[in-house]
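Below: one structure in structure tokens.
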């Protein structure tokens, strides 16, 4: 386990975060960890939970046993609260993903997620910057568009480069064999290998390609990009935020596209969360962001491994 | 044939890459919040010693390399081959000058060393990190000059040349760090 000293520092960090939002009149909420639905994103793998003793493994076809998922983020539940009129809200909760345990990952981790009514993406980036300055006592973040950061480190325009030229560039600069994927997979490969390691200090990247919109709305001035931003501190991915899409039809189509991609990757499709889609049209204009609290603690405490900021990692849990 | 999945990767694991046995030096899992996962791996090619970085898609498998490190005793050099013995089984193996490489200059008969075997054939010889060797040739030291930290070259009994303090003389024994090829201290003659 980690030291009690580190756990005390972590507790102080959580208190600072709570004080930050309470001072801004943002309501703290709690939503279920255990849900009947989960995300469709093909690259996020959920933990499936079923009652014990289980008569049949839940993956067997025709098995009618009700299964539940551990949340990969509190996003859908929180948006349902927003649609019900909660006003601006924040939550500090545990989220779960089937990821290998590494220096930067534990399958169970702590997430800070908050939503601000009538905030543009820019407003939310400003607030994120204030929170990070409060915690790290560092200067303001530098902001780049997704397009600008590719031009800076890879000298090509990610929005207009041809698929062939993109593949050629990645294959020339990254030592990887048998890589296949669509345009976004190749962009993601390039980003993680040739850009992310350079993102020292505090860097915000915004206006991601429309194909990576996830749950963000498209930029009305330039529909090639989505109003989404990510935060990097010392080359560590820390947060991911959206100007939230509140069009159920458009969101449904993206979920269906996710399931198509899942099929191409030989992954089981995920049943769409109709409780979420039912109320999405009622979501007020808002921006929201999720931040990895363990990683924030790693940076604040200046430690290399997530194991040093959590009480017990998965191997000791 | 044994294989390893990327989720078994860890430093020290021996894998086959492009027909060469390699040892993983560093394994970093790259998992963007909303993208595909990779393992960024640094590995040492055990044949040529080069460290290379390569990315694997998480879930990929690679062939295991039948590589093992064995503690052996260095016996002698017959002009062509270096001979080693497993001190438990008394089994002997031989390695060419090309395999022994720079390690040769630190090998003293009867000393222990680490022999890396690939399919039971030696591919790397590692001397101990520290060895005690006798000086067989060096210029006389300058009297009284022991405090200034001056050094001079000295030839050791195995043929290695290291810089030693000026006060060291022929037949004295020095302790050397073989990883950097540097004098550490004076040692007792055996």
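By counting other Cβ atoms within 10 Å of each Cβ, how are A:112, A:134 ranked from fewest to most?
Ranking A:112, A:134 by Cβ neighbours within 10 Å, fewest first, gives A:134, A:112.
To continue, here is another question. Please give the FRET efficiency for residue A:247 paired with residue A:36, using the beta carbon to beta carbon distance and R0 = 22 Å, rounded to the nearest 0.05.
Values: r = 23 Å, r/R0 = 1.06.
The value I calculate is 0.40.
Kirkwood Rh over Cα pairs of segment B:1-77 into Stokes-Einstein at 4 °C, 1.567 mPa s: D in µm²/s? Intermediate results must be reported in sequence, preceding the final value.
Values: Rh = 13.5 Å.
Calculated translational D: 96 µm²/s.
So what is the relative contact order of chain B, in percent, for Cα pairs below 8 Å that sit 6 or more residues apart?
Rounded, it is 14 percent for chain B.
Rank the residues A:116, B:44 as a footprinting-exposure proxy: fewest other Cβ atoms within 10 Å of their Cβ go first.
Fewest-to-most Cβ neighbours within 10 Å comes out as B:44, A:116.
For peptide B:24-34, compute the average count of partner chain beta-carbon atoms within 10 Å of each residue's beta-carbon. Kindly include the intermediate steps, with their values, before the conclusion.
Working: counts 0, 0, 0, 3, 3, 7, 9, 10, 9, 14, 14.
Going residue by residue through B:24-34 and averaging, the value is 6.
If each of residue A:24 and residue A:315 carries a label point 7 Å out from its Cα toward its Cβ, how far apart are those two points in nm?
In this crude spin-label approximation the distance works out to 3.7 nm.
Could you check the spin-label model distance between residue A:120 and residue B:77? Points 7 Å from the Cα along Cα→Cβ, value in nm.
Reported label-point gap for residue A:120 and residue B:77 is 7.5 nm.
Over segment B:27-128, calculate the relative contact order: mean separation of alpha carbon pairs under 8 Å at least 6 apart, over the residue count, as a percent.
About 21 percent, as a whole number.
Follow-up question, since we're still on this one. Okay, helix-only estimate at 222 nm for chain B: each DSSP H run of n ≥ 4 adds -39500 (n - 2.57), divide by all residues, round to 500 deg cm²/dmol; what do you get?
Result for chain B: -500 deg cm²/dmol, rounded to the nearest 500.
Assuming R0 = 22 Å, what is the FRET efficiency of residue A:267 and residue A:67, from their Cβ-Cβ distance, to the nearest 0.05? Please list the in-between numbers first.
On the way: r = 16 Å, r/R0 = 0.72.
Between residue A:267 and residue A:67 the formula returns 0.90.
I would also like to ask the following. Order these by the 10 Å Cβ neighbour count, fewest first: B:85, B:72. Mind showing how you got there, number by number?
Working: B:85 16, B:72 22.
The most exposed by this proxy come first: B:85, B:72.
Modelled label-to-label distance, residue B:5 and residue A:152, 7 Å Cα→beta-carbon offset: nm?
My value for the distance between the label points is 3.8 nm.
Taking N as the number of residues in segment A:1-160, what value does Rg over Cα atoms divided by 2.2 N^0.38 Å take?
Numbers: Rg = 19.7 Å, N = 160, 2.2 N^0.38 = 15.1 Å.
So segment A:1-160 has a normalised radius of gyration of 1.30.
Once you average over the residues of B:44-57, how many Cβ atoms of partner chains fall within 10 Å of each Cβ?
Going residue by residue through B:44-57 and averaging, the value is 2.
List the pair-distance distribution P(r) of chain A, using every Cα-Cα distance, as the percent of pairs falling in each 20 Å bin from 0 up to the bin containing the longest distance, rounded to whole percents.
That works out to 29, 61, 9, in percent per bin.
Before anything else, pin down the relative contact order of chain A: Cα pairs under 8 Å, at least 6 apart, normalised by residue count, whole percent.
About 24 percent, as a whole number.
Another question, then. Kindly provide the helix-only [θ] at 222 nm of chain A, computed as the sum of -39,500 (n - 2.57) over DSSP H runs of four or more divided by all residues, to the nearest 500 deg cm²/dmol?
That calculation yields -10500 deg cm²/dmol at 222 nm.
Taking all pairs of distinct Cα atoms, average 1/r, flip it, and tell me the Kirkwood hydrodynamic radius of segment B:44-136 in Å to one decimal place.
Values: mean 1/r = 0.0679 Å⁻¹.
Result for segment B:44-136 stands at 14.7 Å.
Read-outs: derived from the displayed coordinates by stated rules, not from any lab. Just so we're clear, the structure is a prediction, and the values are computed from it rather than from any experiment. Here Cβ is always computed from backbone atoms with ideal geometry, including for glycine, and neighbour counts include all displayed protein chains.
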